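Visitor: Take this structure, written in structure tokens, and hold onto it; I'll ask about it next.
The values are calculated or read from the model by the stated rules, or taken from the named source; none is laboratory data. Computed from a predicted model, the values in this text were never measured in an experiment. All Cβ positions, glycine included, derive from the backbone under ideal geometry; neighbour counts span all protein chains shown. Just so you know, the surface numbers come from the protein's heavy atoms only, side chains and all, with ligands and any DNA or RNA stripped out. Shrake-Rupley method; radii C 1.70, N 1.55, O 1.52, S 1.80 Å.
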Amino acid sequence: MLQKILIANRGEIAVRVIRAARELGIRTVAVYSELDRNALHVRAADEAYALGGSTAAESYLNTEAILDVIERSSADAVHPGYGFFSENADFARAIAGIGVTWIGPPPEAIDEMGDKVSSRLAAQRGGAPIVPGTTEFAQSAEDIRSFGEANGWPICIKAAFGGGGRGMKVVDAAADVDDAMASAQREAKAFFGRDEVYVERYLTWPRHVEVQIVGDQQGHVVWVSTRDCSAQRRHQKLIEEAPAPELPPGVEQAMGEAAVKAAKAVGYYNAGTVEFIYQDGDFFFLEMNTRLQVEHPVTEMITGIDLVEWQIRVAAGEPLPMTQDEVAARRYGHAIEVRINAEDPADGKFLPSPGRITTLSPPMGFGVRFDSGYASGDEISQYYDNLVGKLVVWGRDRDVCIARTIRALEDLVIEGVATTIPADLAILRHPDFASVAHSTKWVEQNLDLSGVGGRAGAP
């Protein structure tokens, strides 16, 4: 087993990994920027080292500074969390190059699945269905127009090396292609450093359904659960649930099997998530996230499986502790995760709300979990992701889970900064959410947030 893990991250996910390591008897090393000197993850770790700087580029994305801390702390493993270096193959290689264990997938799998075009080819190779689209970079606007004419409008131009909706443009007609392609390329270059794009058919009312997988270094891969992440705004997830509700018989099993095939096609091990879009009984491979997901706790809540523990054990060379049938037998009930961000919903504008949290009092009760990287008195910085915490709730069925989540949100007290709680309650109380009539476009196109939010700590 590993002896000392450095967590190359901050906030909620760093605290999450620290707790899992402690339960395994493994020492932990935190790193921090100047702004995070007194942060919760620094206080929770056995050791903590300064990286210098305030911005992410100066600290958590400073490879040389992190490598120096690894040497000084004698850490024998690195967990990247999510974000920052979690899907950076070069960083993974740098860690392995100094003889330290990388708690993540092989760099080659990160490379192949990080490129949206090569990942589509890998999915095809593994037998997973993909959205009709190109398996090569678009060379010109004419290429895109030809695809649209052949497959029908609307279409979607996407950054080949991106995610989170960046570098993604929906095109309704041939006349709009030139401007959309140029815009997608500019955005892709600005956010990801590369401007290659590809094109695919655009589904008009899809759900976003993903599959949690874990593989070991002996070649075994299991799918642990599905998750529905359709409650989104600007392609950023707000509420996630497991399992994905209201799928026709056999679809969830088929998705799980397709996810395993896609993972095996690139020699994948450790935790990962294969994302699909689903509409009218059909599902298509979207992409693979080669890391632990923000929403992993909903899978843990319906299975009792600690995915971070599995990550650590697999990285240490241990085989998976359960077979596919054993994992399936663990799934029970329903879970919902609500991301609580320091943002003011402000009639649907979702305005950033950095500042000091004067009060943070998490909810309690049966089936309720709250993961956070903050406590009362801590500061939400404008320089980092503004996730305050994740409320994760379990119920014996979906109706019970929704009711319990609403109650827990009403009990949750966060003062000093505005949060997304009012918008979360509006989603959970809406009949469209209850009947699973929502899609990835529903929050922006259908949900009325008039009068919601508008002040820090608004209930």
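Visitor: Kindly identify the stretch 64-104 as rounded, prolate or oblate by the Cα gyration tensor criterion: order the square roots of the eigenvalues as a ≥ b ≥ c, call it rounded if a/c is under 1.5, otherwise compare a/b with b/c, prolate if a/b is larger, else oblate.
Guide: Prolate, since a/c reaches 1.5 and a/b exceeds b/c.
Visitor: Quantify, in whole percent, the carbon and sulfur part of the accessible surface of the stretch 316-459 (1.4 Å probe; protein heavy atoms only).
Guide: 49 percent
Visitor: Please compute the per residue accessible area over the chain with all protein chains in place, 1.4 Å probe, rounded to a whole number of Å².
Guide: Averaged over the residues of the chain, the accessible area is 38 Å².
Visitor: Is the shape of the stretch 1-41 rounded, prolate or oblate, going by the alpha carbon gyration tensor and its root eigenvalues a ≥ b ≥ c, with a/c under 1.5 for rounded and a/b larger than b/c for prolate?
Guide: On the way: a/c = 2.78, a/b = 1.98, b/c = 1.40.
Cα axes put the stretch 1-41 in the prolate bin.
Visitor: Right, here's the next one. Place a +1 charge on the Cβ of each Lys and Arg in the stretch 219-259 and a -1 charge on the Cβ of each Asp and Glu, then give the dipole magnitude about the Cα centre in debye, rounded to the nearest 20.
Guide: The calculated dipole for the stretch 219-259 is roughly 300 debye.
Visitor: While we're here: Taking H placed 1.01 Å from N in the peptide plane, check which residues at least 5 places from Gly373 or on another chain put their amide H under 5 Å from its amide H.
Guide: Those qualifying (amide H under 5 Å, at least 5 residues apart or on another chain) are Glu12.
Visitor: Let me ask something additional. Can you tell me which of 256-268, 20-32 comes out highest on packing, and rank the rest after it, using the mean Cβ neighbours within 10 Å? List each step's numbers first, then the result.
Guide: Values: 256-268: 22.5, 20-32: 19.7.
Output ranking for 256-268, 20-32: 256-268, 20-32.
Visitor: OK, next. For every other residue with a beta carbon closer than 10 angstrom to the beta carbon of Asn289, add +1 if it is Lys or Arg and -1 if Asp or Glu, then tell me the sum. Can you show the working numbers first?
Guide: Values: positive: Arg291; negative: Glu87, Glu210, Glu275, Glu287.
That sum, taken over residues with Cβ under 10 Å, equals -3.
Visitor: Using Cα-Cα distances under 8 Å and only pairs 6 or more residues apart, what relative contact order does the stretch 1-109 have, in percent?
Guide: Dividing the mean separation by the residue count of the stretch 1-109 yields 27 percent.
Visitor: Taking 25 °C and 0.890 mPa s as the conditions, I'd like the Stokes-Einstein D for the stretch 239-337 in µm²/s, using the Kirkwood hydrodynamic radius from alpha carbon pairs. Kindly include the intermediate steps, with their values, before the conclusion.
Guide: Values: Rh = 14.5 Å.
The Stokes-Einstein estimate is 169 µm²/s.
Visitor: Next question. Take each uninterrupted DSSP H stretch in the chain, measure its Cα extent along the helix axis, and return the ones at 18 Å or beyond whose mean Kyte-Doolittle hydropathy is at least 0.0.
Guide: Span-like helices here: 11-23, 251-265.
Visitor: Which entries in Lys116/Lys169; Lys116/Lys390; Lys349/Lys441; Lys4/Lys261; Lys349/Lys390; Lys116/Lys441 show an alpha-carbon gap greater than 24 Å?
Guide: In this structure, Lys116/Lys390; Lys4/Lys261 exceed 24 Å between Cα atoms.
Visitor: Quick one: putting +1 on the C-beta of Lys and Arg, -1 on the C-beta of Asp and Glu, what dipole do you get for the chain around its Cα centre, in Debye to the nearest 20? All intermediate terms of the calculation are to be shown ahead of the outcome.
Guide: Details: 44 positive and 65 negative charges, 138 e Å.
That gives a dipole near 660 debye.
Visitor: Do you know the relative contact order of the chain, to the nearest whole percent, from alpha carbon pairs under 8 angstrom that are 6+ apart?
Guide: Relative contact order for the chain comes out at 15 percent.
Visitor: Let me ask something else about it. Based solely on its DSSP helices, what 222 nm [θ] is calculated for the chain when runs of n ≥ 4 H residues each add -39,500 (n - 2.57) and the sum is averaged over all residues, nearest 500 deg cm²/dmol?
Guide: -9500 deg cm²/dmol
Visitor: While we're on this one: Quick one: with all protein chains in place, what share of the accessible area of the stretch 50-132 is carbon or sulfur, to the nearest percent (1.4 Å probe)?
Guide: 51 percent
Visitor: Give me D for the stretch 144-231 in µm² s⁻¹, whole number, from Stokes-Einstein with Rh from the Kirkwood sum over alpha-carbon pairs, 25 °C and 0.890 mPa s.
Guide: 165 µm²/s
Visitor: Dividing the Cα radius of gyration by the Kirkwood radius, what Rg/Rh value follows for the chain?
Guide: 0.94
Visitor: How high is the relative contact order of the stretch 88-217, in percent, with contacts defined as C-alpha pairs under 8 Å that are six or more residues apart?
Guide: About 22 percent, as a whole number.
Visitor: A further question on this structure: Would you please calculate the Kirkwood hydrodynamic radius of the stretch 55-168 over all C-alpha pairs and express it in Å, rounded to one decimal?
Guide: One over the average 1/r among Cα pairs gives 16.7 Å for the stretch 55-168.
Visitor: What order do you get for 131-139, 400-408, 386-394 when each peptide is scored by the mean count of other beta carbon atoms within 10 Å, highest first?
Guide: Values: 131-139: 16.0, 400-408: 19.3, 386-394: 24.0.
Put in order of decreasing packing, that is 386-394, 400-408, 131-139.
Visitor: Right, another one. Once you compute Rg and the Kirkwood Rh from C-alpha atoms, what is the Rg to Rh ratio for the stretch 1-100?
Guide: Dividing the radius of gyration by the Kirkwood radius yields 0.92.
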